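What follows is a short report on a single structure.
The values are calculated or read from the model by the stated rules, or taken from the named source; none is laboratory data. Predicted model, so just to flag it, every value in this text is computed and none were measured. As a convention, Cβ positions derive from the backbone with ideal geometry for all residues, glycine included, and neighbour counts pool all protein chains shown.
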């Protein structure tokens, strides 16, 4: 068997070293080629960015004219995904009648997501206006069944507070059950309400919710079945109430 000399070993080591270097060079060239390819794709992407091909509209907007919404959305198709003006879209939809809130987002890579919530009418404001679900007094004449809604009467800047008190007091009255048909507040913050059984409650300018709770607690014992005899109840006392009976 021939002996392997140190010369032969050196030659083999050089050969394997060259193979390793060649493999490393190939890997580096492959990685460089991949990076060049990715860079070209990215450059192509930004030079020719995607366009909007889908628009998703979600939300509860039964009172809103859907045809008007579609007209606002139609021009968005094929618009540049990156340059589409979300604020402009939101403002245009927000300007439609009965629209309360609008939210617009981009969805990668070619879609828009739009949420629309309509303006809900919760009460009448005096004899002409309406109150929406944000406590804002508005003027509109194309809402149906508004005669069934309660009436708010008070200073124009009290709408939000009146809506808050109405919702909280009505939740208390639901236990009896009764409902408010008129809620009034004056410039001195004195609160009165007329119930659907005709009784007027004088709640005063403080501890309004506490006084309403007191009324709800005693109503079944003192007034149930006698509603037609009671004109009003003054709850502006710390430990009692004054009843005005019909003559």
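So which residues in segment 162-185 are in contact (Cβ under 8 Å) with a residue 24 or more places away in the chain and part of a helix (DSSP H, G or I), if there are any at all?
Within segment 162-185, 162, 163, 164, 165, 166, 168, 169, 172, 173 qualify.
Looking at segment 189-221 only, could you name the residues that are free of Cβ contacts under 8 Å to residues at least 40 places away in the same chain, out of contact with any strand residue (DSSP E or B) (no Cβ under 8 Å at 6 or more places or on another chain) and outside any loop (DSSP other than H, G, I, E, B)?
Correct list: 210, 214, 217, 218, 221.
Of all residues in segment 224-235, which are within 41 Å of the chain's Cα centre (by Cα) and either over 18 Å from residue 173 (Cα atoms) or at pLDDT below 95 (or both)?
Within segment 224-235, 224, 227 qualify.
Which of the residues that make up segment 64-94 are surrounded by 12 or more Cβ atoms within 10 Å (Cβ to Cβ) and either more than 18 Å from residue 111 (Cβ to Cβ) or touching a residue at least 60 places away in the same chain (Cβ under 8 Å) (or both)?
64, 65, 68, 71, 91, 92, 94
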